[in-house]
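Report on the structure given below.
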Amino acid sequence: MANTASAKKAVRKIARRTAVNKNRRSRMRTFVKKVEEALASGNGEAAAAALTAAEPVMMRAAQKGILHKNTASRKVSRLASRVRTLLGQKKSA
């Protein structure tokens, strides 16, 4: 248990930050799940639209420290590659 005033304040701050981070992580996962579902259903247009919505959410999560920047970029890249494959486009160089 926190004994000092500063430790008690730190506990309160950590609880607030945890709630915010949990909300952001959940929101990001929801957007990614929408892309995955569109890919699974074979709907290329819906998958592309979902990816367009998911990408800024994932990159914002990276900026806020929810994900590492490279992890977010890798996940976006892999989703984009799958969407491109579904739409039948070649990978751009």
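Any residue in region 3-24 that's touching a residue at least 40 places away in the same chain (Cβ under 8 Å): show its pairings with residues that are surrounded by 10 or more Cβ atoms within 10 Å (Cβ to Cβ) and of a type in the set (Lys, Arg) at Cβ separation under 9 Å, as long as the two are six or more apart or on different chains.
So the pair list comes out as Asn21/Lys64; Arg24/Arg60; Arg24/Lys64.
Of the residues Ala50, Ala72, only one is of a type in the set (Gly, Ala, Ser) and farther than 25 Å from Arg17 by Cα; which?
Ala50
Residues being over 15 Å from Thr30 (Cβ atoms), touching a residue at least 24 places away in the same chain (Cβ under 8 Å) and crowded, with 17+ Cβ neighbours inside 10 Å: count how many of those fall in region 49-75.
Result for region 49-75: 0.
No lab work stands behind these numbers, since they all come straight from the coordinates. A quick note: this is a predicted structure, and the numbers were derived from the prediction, not measured. All Cβ positions, even for glycine, are placed from backbone atoms using ideal geometry, and neighbour counts span all protein chains on display.
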